[in-house]
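Take a look at the structure set out below.
The values are calculated or read from the model by the stated rules, or taken from the named source; none is laboratory data. As the structure is a prediction and not an experimental result, all values here were calculated from the model. Here Cβ is always computed from backbone atoms with ideal geometry, including for glycine, and neighbour counts include all displayed protein chains.
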Amino acid sequence: MTTIVLRGGQLLDRSGRRSGDVLIDRETGRIIEVGPGLSGDDVLDATGCVVTPGFVDLHVHFREPGDEVAETIMSGSRCAARGGFTAVVAMPNTDPCTDSASVINEVLARGASALCEVRPAGALTVGREGRALAPMAELATLGVRIFTDDGNGLQDDRLMRRALEYAGSIVTDDGVPVVVAQHCEVASLSAGGVMHEGEWSARLGLGGQPAEAEELMVMRDIALARMTGTRVHFQHLSTAGSVAMVRAAKAGGLPVTAEVTPHHLSLTDASCAGFDPVFKVHPPLRTEADVAALRAGLHDGTIDAIATDHAPHAPETKEHPFDQAPPGMLGLETALAVVLADAGVSLDQAVALLSWQPAAIAGLADRHGRPIAPGEPANLAVFDPEHSWTVRGAESASNSDNTPFEGRTLNGRVRHTIHAGEPVVIDFEATR
Ligand code: DOR
C-alpha cells in the first residue's frame, strides 16, 4: 500500500467544516483515515488550505474528436484538475458528435487516462440536427446520463416532448435516471445576433440576441416537464426572466434543475464595448440586472450548480471580427476564484454549487461530492484561499488561451487536486 497524507487543512464537506489530516491509499483510491496527526508515505501540505470534495463540471467542451488544436480530452482534463474538478461532463458538439455508441466509447476510452473523470453527454438528436432522437437507451447502457444538443436548443416542440417521454422511460443499470439538458435558445429569435440585444448592441451596431430567445424555450420546457413528469436541466441560464420561471417551477414542485456559468455571474454586455471576440459567448453576456438575478438565484436555491461552459477556441479561429468569431470562453481554471470574487457567495456555498449538487445531477454522486470520511473515494480539491494570482491565457493548461479574465488578479487558487487517489495537481501544477 502506498499512502499520501493531506496535512494541516480545514475539511469542508456537506456536513460543514472541521480540522484534520486526510490519509489516502493510492492503490484503492480511497480515504483510509481522517483525523489529527496522520502520517503517510508522501505528504502534501495543506496548511492554511481548505480540503473539499472535488468539483464536478456539468458543462465542458473538450473538442475531441474533431478539433484537437483547440483542446483535447487530455489538455481539457488538465485545466479541470487545475481548477479542482475531479469530474466533467463533456458536451456533444464534437466532430463527429456523440450521437452513437462508437463516439461515446471513443470519448470514454480517451478519458480513461485523463486527469479527471470524463463523462460524455450524449447528443439528444441525431447529428444534433433536431430532427430525429438519438439512441438514448443504447447510449445510457454505456453510462451516459445527460443528453443535450448543447450549442443548439432543440427547436421542435413535439420532438422535445418525445425526448422527455423517451428519457423518462429509460431504466438504467444503476437506477440513476437520465437527464435531458437544454441549451435554451429559440433560433429564429437569436438569428443574426452576436451579443445580448440591448443598449450596448444598439450602440455598437451589432446584431442582438434578445433575452426572450432564451426565456421562451425555458417557458416551453417547464410546460413539457409538467406534461411528461420528466426532469429538464437548464444549461447556462443567463437572464432574470429565466431565473424567475425556474424559481416558480420549483415552487410548484416541477422536476427542473439549473446551472449558471461563472462568466454570466461576473461579466456584462458592456464587456463587448471594445469588440474583443473573447467576450463573445452563447448565451451572450447580459445586463447588470440579469447578473443580479442570477446571483439571487444562487442564494435562494433556484440555481443548483455552477458549470463553466469551458469552450476553447484556437487563436486562429477566435481572433476574427466580433461578428465572425465563434462564441465561447475558457472557464475551468478560473471558476472558483471568479465565483468567490464576483458571485456574492461564501466558499461553503460555492463548494456546494460546484461539488455535490452537480454530482447529483450528473449521476456521479456515488463517487464525487462525497463526505471526506474513511472508505470514501479520494476525489478531493485543496484550495488555498490566500493565494493571489494573475490570470494569463498563455499559462493555461488549455491548448487555447481565450480567457475573458486575462490580466485579472484573483484571490484563491486550487493548490492540489486528488483524483481517484492520484495527486493530479501538486502546488498549482498538473503532475502529467
Ligand atoms: O459560447 C458557446 N460556445 N456556447 C455554446 O453553446 C457552444 C460553445 C462552443 O462549443 O464553443
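Answer with yes or no whether residue 254 is more than 26 Å from residue 384 (Cα to Cα), outside any helix (DSSP H, G or I) and touching a residue at least 12 places away in the same chain (Cβ under 8 Å).
When the stated conditions are applied, residue 254 passes them.
From the set of residues in the stretch 299-314 that are of a type outside the set (Gly, Ala, Ser), crowded, with 24+ Cβ neighbours inside 10 Å and closer than 22 Å to residue 234 by Cα, which is farthest from the ligand (Cβ to nearest atom)?
The residue in question is 302.
Considering (1) in contact (Cβ under 8 Å) with a residue 40 or more places away in the chain; (2) buried (at least 20 other Cβ atoms within 10 Å of the Cβ); (3) farther than 25 Å from residue 339 by Cα, say which one residue 249 fails and leave the rest.
Result: residue 249 passes all but (1).
Looking only at residues in the stretch 172-197 that are within 16 Å of the ligand (Cβ to nearest atom) and part of a helix (DSSP H, G or I), which one is surrounded by the fewest Cβ atoms within 10 Å (Cβ to Cβ)?
Looking at residues that are within 16 Å of the ligand (Cβ to nearest atom) and part of a helix (DSSP H, G or I), I get 187.
Here are 287, 317: which of them is surrounded by fewer than 23 Cβ atoms within 10 Å (Cβ to Cβ), more than 14 Å from the ligand (Cβ to nearest atom) and β-branched (Val, Ile, Thr)?
287
What pairs come up if the first residue lies in the stretch 279-308 and is among the aromatic types (Phe, Trp, Tyr), the second is within 16 Å of the ligand (Cβ to nearest atom) and in a helix (DSSP H, G or I), and their beta carbons are under 6 Å apart, counting only those six or more places apart or on different chains?
279/271; 279/272
Consider the stretch 59-77. How many of its residues are more than 13 Å from the ligand (Cβ to nearest atom) and either surrounded by fewer than 24 Cβ atoms within 10 Å (Cβ to Cβ) or in a strand (DSSP E or B) (or both)?
6
How many of the residues making up the stretch 198-240 are more than 22 Å from residue 149 (Cβ to Cβ) and either within 16 Å of the ligand (Cβ to nearest atom) or out of contact with any Ser or Thr (no Cβ under 9 Å at 6 or more places or on another chain) (or both)?
8
Which is under 27 Å from residue 281 (Cα atoms), at pLDDT 95 or above, more than 16 Å from the ligand (Cβ to nearest atom) and not hydrophobic (A, V, I, L, M, F, W, C), of 117, 165, 106, 138?
Criteria check complete, one pass: 117.
Which residues, taken from the stretch 128-169, are among the β-branched types (Val, Ile, Thr) and surrounded by 17 or more Cβ atoms within 10 Å (Cβ to Cβ)?
Once the filter is applied, which keeps residues that are among the β-branched types (Val, Ile, Thr) and surrounded by 17 or more Cβ atoms within 10 Å (Cβ to Cβ), the stretch 128-169 yields 144, 146, 148.
Cβ-Cβ below 6 Å, separation at least six or inter-chain, first residue in the stretch 121-150 and touching a residue at least 40 places away in the same chain (Cβ under 8 Å), second among the acidic types (Asp, Glu) and crowded, with 24+ Cβ neighbours inside 10 Å: which pairs?
124/149
Show me the helices (runs of 4 or more DSSP H) found entirely inside the stretch 331-432 where at least 2 residues are in contact with a helix residue (DSSP H, G or I) (Cβ under 9 Å, 6 or more places away or on another chain), touching a residue at least 24 places away in the same chain (Cβ under 8 Å) and not hydroxyl-bearing (Ser, Thr, Tyr).
Here the list reads 335-342, 347-354.
Residue check: is residue 326 over 15 Å from residue 260 (Cβ atoms), within 16 Å of the ligand (Cβ to nearest atom) and buried (at least 20 other Cβ atoms within 10 Å of the Cβ)?
no
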